[in-house]
1. Using 0.36 nm per residue of separation minus the Cα-Cα distance, give me the extension gain between Gln222 and Asp260 in nm, one decimal.
2. Determine the percent antiparallel among the DSSP beta bridges restricted to the stretch 10-276, to the nearest 5.
3. Under 5 Å between amide hydrogens, which residues at least 5 positions from Leu206 or on another chain qualify, with H placed 1.01 Å from N in the peptide plane?
4. Report the FRET efficiency, 1/(1 + (r/R0)^6), for Ser76 and Lys230, where r is their Cβ-Cβ distance and R0 is 51 Å, rounded to 0.05.
5. What residues qualify as long-range amide H neighbours of Ile122, i.e. H under 5 Å apart, gap of 5 or more or another chain, H built at 1.01 Å from N?
6. Given axes a ≥ b ≥ c from the Cα gyration tensor, I'd like to know whether the stretch 54-181 is rounded (a/c under 1.5), prolate (a/b larger than b/c) or oblate.
7. Note the full-extension length gain between Glu196 and Asn40 as 0.36 nm times their separation in residues minus their Cα-Cα distance, in nm to one decimal.
8. With a/c under 1.5 counting as rounded, go ahead and sort the stretch 168-255 into rounded, prolate or oblate using the C-alpha gyration tensor (a ≥ b ≥ c being the square roots of the eigenvalues; past the cut-off, prolate if a/b is larger than b/c, else oblate).
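Any read-out appearing in this document is the output of simple, stated calculations on the displayed coordinates, not a laboratory observation. It should be emphasised that the depicted structure is a prediction, and the values quoted were computed from it without experimental measurement. Glycine gets a Cβ as well: all are built from the backbone with ideal geometry, and neighbour counts include every protein chain shown.
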Amino acid sequence: MLNVGQGNCCVWTSPQADIVIDANIPSSGNGTYVKGYLQNKALVRSPISLFMLTGWDCDHANAAGVGMVVNNFTVSTVWIPPWPNTTEAAKEVKRILKEDARWAKGYDVYHPRTDQQRCFQIGDTKITVFSPHPEDADTSNNTSIVAKLECGGFSVLITGDCEQSRWSSIVRYFGKELSSDVLVAPHHGSRNGITEEALQKIRPKLVLISAGNHSTWQHPHQEAVDLYKKYVGDYIFVTKEHGNIKTYRDVGGVIKYVCDNQVKVQDSLISLLAKPLL
C-alpha cells in the first residue's frame with residue numbers, strides 16, 4: 001500500500017501477475033514518487049496484468065493518477081465498477097482512457113458484478129469478486145469493487161469505499177469465502193466502513209488503512225480502529241503514520257510486514273523491518 005494521502009493506491013505482485021489497485025496519485029510531488037516506485041520496485045514485468053479501479057470517486061480514480069498509469073505503462077486489463085459513471089470525476093477518467101491511443105488499440109475493460117462471473121485467474125493469482133451487485137447500488141461507495149486476491153497461500157481483501165449497509169449482503173451471500181490474511185480497511189477506516197459481523201468472517205491477521213493527514217473526514221475514525229483492534233491487536237497500519245506498507249508471506253509461510261516509519265506500540269518504539277506476525 002502506497003502513501004498517497006487521502007485516497008488509495010496499492011500494488012499486488014506475484015511471480016506471474018502485477019496488479020495496480022486504484023490511482024489516487026497527485027499530479028506532482030508524490031505523483032513522481034509513485035511513478036518511480038512502480039517502475040523500479042514493484043512492477044517487474046510489462047504489461048500490467050490488471051489495473052483495478054475500485055470506485056469512480058476521485059480519491060480512488062483521479063484523472064492525474066489514471067493518466068499517469070496508462071500513459072507510462074502498458075495495461076492488459078482494466079476493471080471499473082459499472083455504476084455510477086456520470087460524475088465529473090468519472091467523466092474525466094473516461095475521457096483520459098478513451099483519448100489514450102493504446103486504449104483504442106485494445107485495452108480489455110471489464111465491469112465486475114456479483115450477478116456475473118465472480119472468480120478469475122490472472123497468472124498465478126486468483127481473484128474472487130464479492131461486490132458490487134445491482135440491488136445494492138444505492139450509493140457510489142456501495143458500488144465499490146470488493147475482491148479477494150490469493151496466491152501461494154496468501155490473501156488480501158480489497159474493499160474500496162464499501163459501507164456497512166453493503167457488508168450485510170456480502171456476508172449473507174459470501175461469508176464463507178471472505179477469510180483473508182490482510183484486510184485493506186474499507187472507506188479509509190471510516191466508522192461506517194465495516195461491521196463486526198464482516199470481521200468475524202474475514203478474520204484478518206493484519207489491517208491496512210490508507211488515509212491522509214489533512215483529511216476533512218478525520219480518517220481513520222477511532223470507533224473503527226477500536227473494532228479492528230478486537231481482531232488484530234496492534235497489527236493496524238495507517239499510511240499517514242507508517243508511510244508505505246508492504247505485507248507478504250515468506251518461504252516458511254510466515255506473514256511479514258515492512259513499513260517506512262517507526263511506530264509506537266505499547267509505549268515502546270519498534271522498527272518495522274520485515275517483522276513477523278507474532
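1. On the way: separation 38, 0.36 × 38 = 13.68 nm, distance 2.28 nm.
Value of the extension gain: 11.4 nm.
2. Values: 29 of 47 bridges.
Among the beta bridges of the stretch 10-276, antiparallel pairing accounts for roughly 60 percent.
3. Amide H neighbours of Leu206: Leu183.
4. Values: r = 40 Å, r/R0 = 0.77.
Once rounded, the FRET efficiency stands at 0.80.
5. For Ile122, the qualifying residues are Ile127.
6. Values: a/c = 2.13, a/b = 1.35, b/c = 1.57.
Judged from the Cα gyration tensor, the stretch 54-181 comes out oblate (a/c at least 1.5, b/c at or above a/b).
7. Values: separation 156, 0.36 × 156 = 56.16 nm, distance 3.88 nm.
This chain segment gains 52.3 nm when fully extended.
8. Oblate is the answer for the stretch 168-255, as a/c is 1.5 or above yet b/c matches or exceeds a/b.
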